[in-house]
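> Mind having a look at this structure? Questions to follow.
The values are calculated or read from the model by the stated rules, or taken from the named source; none is laboratory data. These numbers were taken from a predicted model, which means no experiment stands behind them. Cβ: placed from backbone, ideal geometry, glycine included. Neighbour counts: every protein chain shown. Please note that ligands, DNA and RNA were not included when accessible areas were found on the heavy atoms of the full protein model with its side chains. Shrake-Rupley method; radii C 1.70, N 1.55, O 1.52, S 1.80 Å.
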Amino acid sequence: MPELPEVETVRRGLEVRAAGRHIVGAEVRHPQVIAGRADLFEESVRGLIGRLDRKGKAIAVELLARNGEPPHYLLVRLGMTGQVTVVPRDYPLEPHTHVRLMLENGEEIRYRDVRRFGRLRYCTRGELQEVFSGLGPDAPAMTDAEFLAALAGRRTPIKSWLLNQGRLAGVGNIYADEALFAARIHPLTLAASLKPAEACRLRRAVERVLRKAIAMQGTSLRDYIDIEGRPGRFRVKLKVYQRTGEPCPRCGAKIRRLVLSGRSSHYCPRCQRRHAGSQ
Ligand SMILES: [Zn+2]
């Protein structure tokens, strides 16, 4: 599932390949990936591509109108298996390509999504701001003070807290496990029970893991690719995620897996000890 580093890689790719281009037409081949009415989306998603913003795992493509009207936005959420590519218009259509956005230069932006949990939405600035304001601060940009404030009083396992997009935006299962390992914190530790020093260590670990992953264009486990169709290169850097039974790179103990709210957590039982206050 794409997390912040993968989404940021897609955003940067769109900046290079699509910013400054005009969207001149659209074809929705599967309406499920459109938020709202697909026919309206097809009719209205037009304009000069301006800024490309991102908050957490959501990308906002600014669409400037010719007539001086306020810009609209194309909000892109990749869900579990969403892929965005920019290709020549006559490039063979791959299965599960659900949306085509034609550009004036003979290329097109394609949205492909096997599981169809991703969503494309055409919206106003107000609607975009509503979505963005429901998200916590972008994870790698959080300050220690913001991080501590968001943790205060949260009697939930820290792993679940890290995944809550309303608290901090952008962290998913992979980078939560990696950051907890780097900070030597057990995934079941209650968020509110972290000492300030531990919390600051975790905040720095989150930032470091995300920035390193961005620098390597994210992690490809199965579906994720960048705008040119290339996989991310961070997978080889994963220290605990999906390494159950392998030796911890720090101490050699076998990596364990536990299930929390239906999702796997991977951790080192020696480096990430449970302390009083764990669930
Ligand atoms: Zn260890």
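> Starting from region 31-44, keep only residues that are over 14 Å from Y73 (Cα atoms), then list their pairs with residues that are part of a helix (DSSP H, G or I) and open to solvent by less than 40 Å² (accessible area, probe 1.4 Å) whose Cβ atoms are within a distance under 8 Å, requiring at least 6 positions of separation or different chains.
Matching pairs, first to second residue: P31/A38.
Let's see how each residue does on (1) in a loop (DSSP other than H, G, I, E, B); (2) within 11 Å of the ligand (Cβ to nearest atom); (3) surrounded by 15 or more Cβ atoms within 10 Å (Cβ to Cβ):
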position	(1), (2), (3)
P231	yes, no, yes
Y241	yes, no, yes
T244	yes, no, no
V259	no, no, no
H266	no, no, yes
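> While we're here: Name every residue in region 21-80 that is open to solvent by 30 Å² or more (accessible area, probe 1.4 Å) and of a type in the set (V, I, T), in order of residue number.
The one that is open to solvent by 30 Å² or more (accessible area, probe 1.4 Å) and of a type in the set (V, I, T): V24.
> Could you say whether any residue in region 36-45 is assigned to a loop (DSSP other than H, G, I, E, B), over 26 Å from Y224 (Cβ atoms) and of a type in the set (A, V, I, L, M)?
Taking every residue of region 36-45 in turn, none turns out to be assigned to a loop (DSSP other than H, G, I, E, B), over 26 Å from Y224 (Cβ atoms) and of a type in the set (A, V, I, L, M).
> Return the only residue of E198, E178 being charged (D, E, K, R), out of contact with any Asp or Glu (no Cβ under 6 Å at 6 or more places or on another chain), in a helix (DSSP H, G or I) and in contact (Cβ under 8 Å) with a residue 60 or more places away in the chain.
Answer to the selection: E178.
> Among the residues of region 145-179, write down those that are open to solvent by less than 10 Å² (accessible area, probe 1.4 Å) and either at positive phi or hydroxyl-bearing (S, T, Y) (or both).
Within region 145-179, G170, Y175 meet the criteria.
> Would you call L194 within 28 Å of R274 (Cα to Cα), open to solvent by less than 10 Å² (accessible area, probe 1.4 Å), of a type outside the set (G, A, S) and more than 16 Å from the ligand (Cβ to nearest atom)?
For L194, the condition - within 28 Å of R274 (Cα to Cα), open to solvent by less than 10 Å² (accessible area, probe 1.4 Å), of a type outside the set (G, A, S) and more than 16 Å from the ligand (Cβ to nearest atom) - is not met.
> Still on this structure, I have one more. I'd like to verify a number: residues in region 246-257 that are touching a Ser or Thr at 6+ places or on another chain (Cβ under 9 Å) and open to solvent by 80 Å² or more (accessible area, probe 1.4 Å), how many? Give the derivation first.
Of all residues in region 246-257, those touching a Ser or Thr at 6+ places or on another chain (Cβ under 9 Å) come to 254-257.
Of the ones still in play, those that are also open to solvent by 80 Å² or more (accessible area, probe 1.4 Å) are 254, 256-257.
Counting residues in region 246-257 that are touching a Ser or Thr at 6+ places or on another chain (Cβ under 9 Å) and open to solvent by 80 Å² or more (accessible area, probe 1.4 Å) gives 3.
> Over 24 Å from T219 (Cβ atoms) and either touching a residue at least 60 places away in the same chain (Cβ under 8 Å) or under 16 Å from the mean Cα position of the chain (by Cα) (or both) - does that describe any residue in region 111-122?
Yes.
> While we're on this one: Give the residues of region 217-235 that are within 13 Å of P2 (Cβ to Cβ) and not charged (D, E, K, R), sorted by residue number. Please lay out each step first, then the result.
Of region 217-235, the ones within 13 Å of P2 (Cβ to Cβ) are 217-227, 231-232, 234.
Within region 217-235, Q217, G218, T219, S220, L221, Y224, I225, I227, P231, G232, F234 meet the criteria.
> Of all residues in region 246-257, count the ones that are charged (D, E, K, R) and not in a loop (DSSP other than H, G, I, E, B).
Selection size over region 246-257: 3.
> Can you pull out the residues in region 201-229 that are surrounded by 19 or more Cβ atoms within 10 Å (Cβ to Cβ), touching a residue at least 60 places away in the same chain (Cβ under 8 Å) and either within 16 Å of the ligand (Cβ to nearest atom) or more than 24 Å from R17 (Cα to Cα) (or both)?
R203, V206
> Limited to region 268-279, what total is found for residues that are more than 9 Å from the ligand (Cβ to nearest atom) and either of a type outside the set (A, V, I, L, M, F, W, C) or open to solvent by less than 30 Å² (accessible area, probe 1.4 Å) (or both)?
Count: 6.
> For region 134-144: of the residues being of a type in the set (A, V, I, L, M) and outside any helix (DSSP H, G or I), which is least open to solvent (accessible area, probe 1.4 Å)?
My answer is M142.
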